Structures are given as C-alpha cells and as structure tokens.
Amino acid sequence: MSLSKKIFYWWVGILVVFASSLALLPNHGSSFAGFLSYSLQALLFVISVYIVLKEPIRKNKYIFVNFAIVFAFSFLDHIYSFVGTGGAIFPDQTFLRLFLTQYVFFGAYLLCLAFAIIYLTIDVLFRDFATFQKYLIAAGIAVMFFGFYYAPYFKDPKYLHHTSDVLDYKTLAASYEEWTNEVGAPPSAATLAEITEMYSWKNGQKTGVLFPEEKLARAQELYAYLPNNWLVLVFRPMYSDALRMSVVCIGFILLFFGYLYMKDPPQGAYIEKMMFLFLVFSSLEVLHDWTAMKEVEWSAAGSIWTVGLNVSNVVLALLAGVFSMRLKFITSVKGEFYEQELALSPAAVTRWRDSLDNLVVEKFFNRKLILGRMFVAPNRK
C-alpha cells in the first residue's frame with residue numbers, strides 16, 4: 001500500500017470517529033468551519049508523524065515533531081464539543097469550557113505554535129548548535145513571551161470575569177435593567193452614569209469611587225455592549241493576548257526570511273513554503289483576533305469569526321499539500337540523497353528547486369538565466 005493511501009485511510013478513520021461521536025454523544029455542536037478546521041489539522045498531524053518516521057536526517061525530525069504536537073490539538077478541539085454543561089464529559093462543570101479555552105486553545109496551542117516556529121528559525125540561524133541548545137533557546141523565548149502575556153490567567157483562573165470592563169459592565173447592567181423595568185424605556189448613557197455608583201478596580205477589588213466625569217466616560221464606553229453583549233468584554237483580553245502571540249510568530253517568521261535573504265543558506269525542500277504559509281496563517285489569526293476585539297455584538301463577532309475560520313481553512317489545506325510534497329520528496333531516492341548531502345556539506349549544495357519554484361521560474365523568469373541560488377551575487381563566496 002502506498003504512503004498516500006495509508007495517510008488517506010488514517011484520515012478517513014479519524015473523520016469517521018469525529019462525525020460518529022458528534023452524532024451519538026451529547027455535545028454543544030460544531031460549526032462546519034470548526035469541524036473542517038480541526039479535521040484538516042488532524043490530517044496535518046498524520047502527515048507530520050509520517051514525516052518524522054521517514055525523515056532521513058535526525059535533526060529535521062525534531063522540526064516536524066514540534067509541528068505534530070501543534071496539530072495534535074485538533075483532537076482536543078474535537079473533545080471540547082463534549083465538555084461542560086450539557087455535554088457528555090463533566091456535564092456539571094460550568095467554568096470548565098472557559099478554562100479549556102483560555103489555558104488550552106488560546107494558551108498552550110499558541111505557545112506550542114510559537115515554539116515550533118521559533119525552533120525552526122533558531123535551527124536556520126544556528127545550524128551548528130546541538131539540538132538541546134536549540135530547544136533551550138526556543139523554549140526560553142516562547143515561554144518568556146507566553147509568561148508575560150498570560151501571567152494574569154495563572155494568578156486568577158477567572159481573570160476574564162474580573163477585568164475592570166466586565167466589573168463595570170455588571171454594575172451598569174444592573175442599573176440599566178432596574179431603570180428599564182421601572183420606566184419602560186432604556187436609559188441614556190448620561191442617565192446611566194448619573195444613577196450608578198462606579199468604582200476603580202485592581203485585581204478584581206474596589207480601590208476607589210469614580211468621579212462624575214469618569215463615570216460618564218465609562219458609561220459611554222460600555223453603553224454599546226448593553227444589555228446583553230457582555231461576552232465580547234469577557235473574551236476581549238484573551239483575543240488581545242492571542243493576537244500578541246501571533247505577532248511573535250510573525251516576527252520570527254520574518255526573521256527567518258530576512259536571514260535567508262541575506263545569507264541564503266540551503267534549506268530542506270519545501271521548508272520555505274511551509275514558513276510562508278505559517279506567515280499567512282498567523283497574519284490571519286491577528287486579523288481574526290483584532291476583529292473580534294473591535295466587534296460590539298457577540299452574535300456578529302461569532303459570524304465574523306466563522307468567516308475568518310473558513311479563510312484560515314484554505315491556508316490549512318495548502319499547508320497539508322506542502323507537507324505532503326515534503327513527505328513525497330524525502331521518501332524519493334533523489335530527495336533522500338539531497339537531504340543527506342545538505343546535512344553533511346550545506347555550503348557545497350545548491351538549493352533544490354522544487355515543483356513550486358519551477359512553476360514560478362517558468363511563468364515569471366527566464367529559466368536559462370537562473371541556474372543556482374536566487375538573489376545571491378555570483379562573485380560572493
């Protein structure tokens with residue numbers, strides 16, 4: 001049986017498990033975009049595992065081990081549909097879904113993705129370093145950024161419910177509901193500020209009373225979220241921190257390409273294409289998070305997120321294609337020879353021009369003039 005058929009059968013088996021469990025067990029449901037997203041990542045997980053098994057160069061295995069860990073979150077993403085109130089797993093746990101969201105899908109997932117990208121960049125910058133040294137550097141950088149952004153979540157598991165925006169919203173919402181019930185019409189922002197006692201907050205605790213001008217400013221800022229769009233305020237800090245982690249990924253991908261442009265070290269086949277697609281993927285994540293932060297209505301934020309997820313799914317499908325090309329290349333005779341020569345004597349090897357490179361050269365360049373590495377002066381040693 002060919003390798004591609006094995007991967008296909010594994011993926012079909014996983015999809016059958018995903019679909020049948022959703023059909024048979026109590027769950028919160030999953031949108032088609034969400035189902036497709038973690039299904040594509042499950043496919044990428046299977047391909048990454050096969051790349052690790054077939055990779056002829058030991059140090060390259062670690063690159064794809066890291067990506068396999070990232071894509072393994074797809075299985076947790078599926079299980080998430082069954083967790084919490086009304087689900088098949090821990091149905092009585094009210095806050096469990098919130099904790100999984102902030103610690104796993106917006107926390108550990110982004111930490112692992114950032115680590116995988118940073119490690120690959122470190123591998124290019126410091127080719128001669130030992131693997132454990134690259135791991136230490138990459139882990140140190142990733143954990144440093146993660147710890148800086150996510151420290152509040154570990155100090156207070158319910159931090160998202162204890163931000164000043166949420167606490168002020170709850171205060172205003174109580175006055176809003178009371179006024180509406182008595183008068184029969186919602187109050188204006190100015191009226192709401194006038195009838196509400198508001199406070200300054202630190203770590204979820206009151207630290208002082210706001211002056212009238214400050215109350216009016218806060219009431220005007222939060223009025224658009226009344227009466228029932230409080231979930232936008234709850235998740236806004238998490239979107240903000242996820243955006244920052246995606247920016248870290250983008251920064252190191254740009255460092256990767258900057259170093260390649262300046263030094264042009266020979267790379268394993270399709271590695272650059274993978275990093276480019278991760279650049280697009282991370283940029284889309286920044287756009288999704290920023291849009292969700294700026295949206296006022298929770299239902300509209302969900303709709304926009306679904307549209308963005310569909311766009312990201314296109315990138316995931318392209319990533320699956322490039323990962324498959326990498327697997328096909330390293331399992332060929334010429335691919336195995338090229339990767340081994342690259343590991344033994346990289347300076348003596350001209351970069352492999354893959355099928356995508358050939359397509360670009362064929363359509364946009366004169367292929368007779370491009371014999372070696374692109375963007376490198378011929379007289380440079």
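The values are calculated or read from the model by the stated rules, or taken from the named source; none is laboratory data. Computed from a predicted model, the values in this text were never measured in an experiment. Counting neighbours? That spans all protein chains shown, and the Cβs are built from the backbone with ideal geometry, glycine included. These area figures cover heavy atoms from the full protein model, side chains too; ligands, DNA and RNA do not enter into them. Shrake-Rupley method; radii C 1.70, N 1.55, O 1.52, S 1.80 Å.
At q = 0.14, 0.16, 0.17 Å⁻¹, what is the base-10 log of I(q)/I(0) for segment 57-155 according to the Debye formula with one equal point scatterer per Cα and no solvent? Please give it to two decimals.
One equal scatterer on each Cα of segment 57-155 leads to -0.63, -0.75, -0.81.
Per 10 Å bin from zero, what fraction in whole % of the C-alpha pairs of segment 202-335 is there, up to the bin with the longest pair?
Values per bin, smallest distances first: 10, 26, 26, 17, 11, 6, 2, 0.
For segment 238-250, just list the computed ³J(HN,Hα) in residue order, Karplus coefficients 6.51, -1.76 and 1.60, θ = phi - 60°, integers in Hz, with x standing in for Gly and Pro.
Values, residue by residue: 5, 4, 5, 5, 5, 4, 5, 5, 5, 5, 4, 4, 4 Hz.
With charges only on Cβ, +1 for K and R and -1 for D and E, what is the dipole size of segment 146-267 about its Cα centre, in debye, rounded to 20?
600 debye
Determine the calculated [θ] at 222 nm for the chain from helices alone, applying -39500 (n - 2.57) to every DSSP H run no shorter than 4 residues and normalising by the residue count; nearest 500 deg cm²/dmol.
Values: 15 runs with 265 residues, N = 381.
Counting only the DSSP helices, I get -23500 deg cm²/dmol.
Along the positive direction of the dipole of the chain (beta-carbon charges: Lys, Arg +1; Asp, Glu -1; about the Cα centre), which of PHE329, LEU277, LEU287 reaches farthest?
PHE329
With every protein chain kept in place and ligands, DNA and RNA left out, what is the accessible area per residue of segment 126-275? Probe 1.4 Å, answer in Å². Each step should come with its number before you reach the end.
Numbers: 7800 Å² over 150 residues.
Computed with neighbouring chains in place, this is 52 Å² per residue.
Explain nothing, just the number: relative contact order of segment 2-116, from Cα pairs under 8 Å at least 6 residues apart, as a whole percent. Spell out each step's value before the answer.
Numbers: 105 pairs, mean separation 29.9, N = 115.
Here the relative contact order equals 26 percent.
Of the accessible area of the chain, with the probe set at 1.4 angstrom, what percent is carbon plus sulfur? Don't skip to the end; give the middle numbers.
On the way: 12900 of 19680 Å².
The value for the chain is 66 percent carbon and sulfur by accessible area.
Using alpha carbons only, how many degrees (0 to 90, rounded to 10) separate the axis of helix 3-24 from the longest principal axis of the chain?
Taking Cα atoms only, the helix is inclined about 20 degrees.
Between LEU231 and ASP156, with labels modelled 7 Å along Cα→Cβ, what's the label distance in nm to one decimal, could you check?
Inter-label distance under the simple model: 2.2 nm.
Enter the per residue convex hull volume of segment 136-227, computed from alpha-carbon coordinates, in Å³ rounded to the nearest integer.
Values: hull volume 10.4 nm³, N = 92.
Per-residue hull volume (Cα only) is 113 Å³.
What residues qualify as long-range amide H neighbours of TYR199, i.e. H under 5 Å apart, gap of 5 or more or another chain, H built at 1.01 Å from N?
LEU210
Along the charge dipole of segment 132-232, pointing to its positive end and built from +1/-1 on Cβ of Lys, Arg, Asp and Glu, which listed residue (LEU160, TYR199, LEU231) has its Cα farthest out?
LEU160
Starting from one equal scatterer on each C-alpha and no solvent at all, send me the Debye-based log10 I(q)/I(0) for segment 236-290 at q = 0.13, 0.16 Å⁻¹, two decimals.
Summing over Cα pairs of segment 236-290 leads to -0.37, -0.52.
Applying 1/(1 + (r/R0)^6) with R0 = 25 Å to the Cβ-Cβ distance of PHE105 and ALA300, what FRET efficiency is obtained, to the nearest 0.05? Each step should come with its number before you reach the end.
Working: r = 21 Å, r/R0 = 0.85.
So the FRET efficiency works out to roughly 0.75.
Is the chain rounded, prolate or oblate when judged by the Cα gyration tensor, a ≥ b ≥ c being the square roots of its eigenvalues, rounded requiring a/c under 1.5 and prolate requiring a/b larger than b/c? Numbers along the way, then the final one.
On the way: a/c = 2.56, a/b = 1.93, b/c = 1.32.
In terms of gyration-tensor shape, prolate.
Past the 27 Å Cα-Cα mark, which pairs from LYS61/LYS155; LYS59/LYS263; LYS6/LYS273; LYS59/LYS155?
On the way: LYS61/LYS155 36 Å; LYS59/LYS263 21 Å; LYS6/LYS273 24 Å; LYS59/LYS155 37 Å.
The answer is LYS61/LYS155; LYS59/LYS155.
Read phi for every residue in segment 215-229 and hand back ³J(HN,Hα) as whole Hz from Karplus 6.51 cos²θ - 1.76 cosθ + 1.60, θ = phi - 60°, with x for Gly and Pro.
So the J values, rounded to whole Hz, are 4, 4, 4, 5, 5, 5, 5, 9, 4, 5, 8, 7, x, 9, 10.
Which shape class applies to segment 188-230: rounded if a/c is under 1.5, otherwise prolate when a/b exceeds b/c and oblate if not, where a ≥ b ≥ c are the square roots of the Cα gyration tensor eigenvalues? Present the calculation step by step, with values, prior to reporting the outcome.
Details: a/c = 2.39, a/b = 1.29, b/c = 1.85.
It is oblate, given that a/c is not under 1.5 and a/b is not larger than b/c.
Can you give me the C-alpha center-to-center distance between segment 137-166 and segment 271-324, rounded to a whole angstrom?
22 Å
What is the Cα radius of gyration of segment 1-124 over 2.2 N^0.38 Å, N being its residue count? Please list the in-between numbers first.
Working: Rg = 16.3 Å, N = 124, 2.2 N^0.38 = 13.7 Å.
Output field value: 1.19.
Mind putting a number on the dipole of segment 207-295 about its Cα centre? Charges go on the C-beta only, +1 for Lys and Arg and -1 for Asp and Glu, and I need it in Debye to the nearest 20.
Working: 7 positive and 9 negative charges, 11 e Å.
In debye, rounded to 20, segment 207-295 gives about 60.
Check the straight Cα-Cα distances from LYS334 and name the aspartates and glutamates below 15 Å, setting aside those fewer than 8 residues away within the same chain.
GLU55, ASP354
I want to verify the translational diffusion coefficient of segment 98-254 in µm²/s; compute it with Stokes-Einstein, Rh as the Kirkwood radius over Cα pairs, at 25 °C and 0.890 mPa s. Working shown, then result.
Working: Rh = 18.2 Å.
Estimated via Stokes-Einstein, D reaches 135 µm²/s.
Enumerate the aspartates and glutamates that LYS202 could reach by cross-link, defined here as Cα to Cα under 14 Å, with residues fewer than 8 away along the same chain left out.
ASP156, ASP165, ASP168
If you take the Cα Rg of segment 266-317 and divide it by 2.2 N^0.38 Å, with N the number of residues, what do you get? Before the final figure, lay out the partial values.
Details: Rg = 14.1 Å, N = 52, 2.2 N^0.38 = 9.9 Å.
Computed over Cα atoms of segment 266-317, the ratio equals 1.43.
Can you compute the charge dipole magnitude of the chain about its Cα centre, using +1 on each Lys and Arg Cβ and -1 on each Asp and Glu Cβ, nothing else charged? Give it in debye, rounded to the nearest 20. Don't skip to the answer; put the middle values down first.
Numbers: 32 positive and 29 negative charges, 454 e Å.
For the chain, the charge dipole is close to 2180 debye.
When every alpha-carbon pair in segment 129-168 is counted, what percent end up more than 13 Å apart?
Values: 498 of 780 pairs.
Of all Cα-Cα distances in segment 129-168, 64 percent exceed 13 Å.
Using the charge dipole of the chain (Lys, Arg: +1 at Cβ; Asp, Glu: -1 at Cβ; taken about the Cα centre), state which of GLN220, LEU43, ALA23 has its Cα farthest towards the positive end.
LEU43
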